[in-house]
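Report on one structure; see the data block that follows.
The values are calculated or read from the model by the stated rules, or taken from the named source; none is laboratory data. What you see is a predicted model; the values in this text were computed from it and never measured. With ideal geometry, Cβ positions are generated from the backbone for all residues, glycine too; neighbour counts draw on all protein chains shown.
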Amino acid sequence: MLALALVFAMLVGAALTERSAIYDAPPQAIATDAPVASGGEAEGAARDTDLQLYDRIAERVAAGENYYAVAVEEQRARDFPVRPGLAVRLPTLAFLTAAIGQWGLIALAAVIVIGTLVAWHYRLRDVQGGPGRLRFILLLLLIGMASGFKPQYLALHEVWAGMFLALSLGLYRQHRWFWAFVAGVLALAMREHALPFVLLMALLAFARGSRREMVAWLGAAIVFGGLLALHLSQVAQYTSPDDPLSPGWLTLRGIGGWTANIVLCSPLQFLPGWLAAPLAMLPLVGWAGWRSWFGLTGFLLCLGYGVLFMIAGRDNNFYWALVVMPVWFVGYAFVPRALTSLWHSARGN
């Protein structure tokens, strides 16, 4: 009964705290940390400018220019902040784009999407509910990945991090985790926002008693920390104290920040805010009701990122949710089962 009450309170609270000013804005994908001007035309212009920024950086890197010099110069030219150093993205995607071009990115993304669907199919072929539930899970996975799978959005680092994260989950086996580890590291190389996933995998490996695996995930996090420090030092060589600082990311937006991020990165953006907000929270119930290590992983992953969205990120940072969007809606597959189980338990059955 307490669990049912908490679920009800969560959904009602989401509906009551929906950020209607955000939901009513035109769909957008602000990809940098610049403040957003008000008004639909300004938002659309910012969206185009942001995506063009990463295309331009990749073009200049392909021509042989230094990534950090180019990134700082291009962001300054568009009045985007370059301080602190985290305002300048990791160079991985720029080098990849420079190497294979736009059509290469599209082909690679298609391969990752197909590979992820195949990996999840084999990982969950014995899932409770049989082939029907498995097909539903794969459909939900595809919908989540399609949210960012647009040619113009392949310039977004979060899209790639999200695809690799989903692939990592599909490839994971308790005693055959190497390729899942590789995919997780690739997600981290694309965007530092994949770090919570890597740390979660280390924690779960520890809980299962898999020490080698835990050391591998923690080692990846430590190595990444060193590379991130190197990245920040490189950015610092091309910036000065006169460069304006980016607005802070610690904003404490609460549950409205959580739901807004999910809604604006998914098809839920086309629904009224009072309905979209609780629907954005509902997959968490399904993940919690999926009684398996896989379900526990999905639940903790979605819960962790949800809490992150509550305490960090401004309204125009909603695209951060693309990191977890591919797997988010999979929880819908187990919502009926979870609620039915809670109802029977509450009645003493």
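The table below gives the values:
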read-out: For Gly64: the one exception among (1) outside any helix (DSSP H, G or I); (2) modelled with pLDDT of 90 or more; (3) under 20 Å from Leu165 (Cβ atoms); value: (3)
read-out: Filter result for Ser246 (surrounded by fewer than 16 Cβ atoms within 10 Å (Cβ to Cβ), of a type outside the set (A, V, I, L, M, F, W, C) and farther than 22 Å from Val198 by Cβ); value: no
read-out: Answer from Ile112, Ile143, Ile100 - the residue that is in contact (Cβ under 8 Å) with a residue 60 or more places away in the chain and either surrounded by 19 or more Cβ atoms within 10 Å (Cβ to Cβ) or out of contact with any Cys (no Cβ under 7 Å at 6 or more places or on another chain) (or both); value: Ile143
read-out: Helices (runs of 4 or more DSSP H) within the range 146-262 that include 3 or more residues closer than 17 Å to Met325 by Cβ; value: 157-171, 178-190, 195-208
read-out: Looking only at the range 321-349, and only at residues there that are within 30 Å of Gly162 (Cα to Cα), of a type in the set (A, V, I, L, M) and out of contact with any Cys (no Cβ under 6 Å at 6 or more places or on another chain), the one that is surrounded by the most Cβ atoms within 10 Å (Cβ to Cβ); value: Val323
read-out: Qualifying residue in the range 123-130 (condition: in contact with an Asp or Glu (Cβ under 9 Å, 6 or more places away or on another chain), surrounded by fewer than 17 Cβ atoms within 10 Å (Cβ to Cβ) and in a loop (DSSP other than H, G, I, E, B)); value: no
read-out: Checking Asp79 against (1) farther than 29 Å from Ala146 by Cβ; (2) at pLDDT below 90; (3) part of a helix (DSSP H, G or I), the condition it does not meet; value: (3)
read-out: Members of the range 209-232 found to be free of Cβ contacts under 8 Å to residues at least 24 places away in the same chain and within 25 Å of Val72 (Cα to Cα), listed by number; value: Val223, Gly225, Gly226, Leu227, Ala229, Leu230
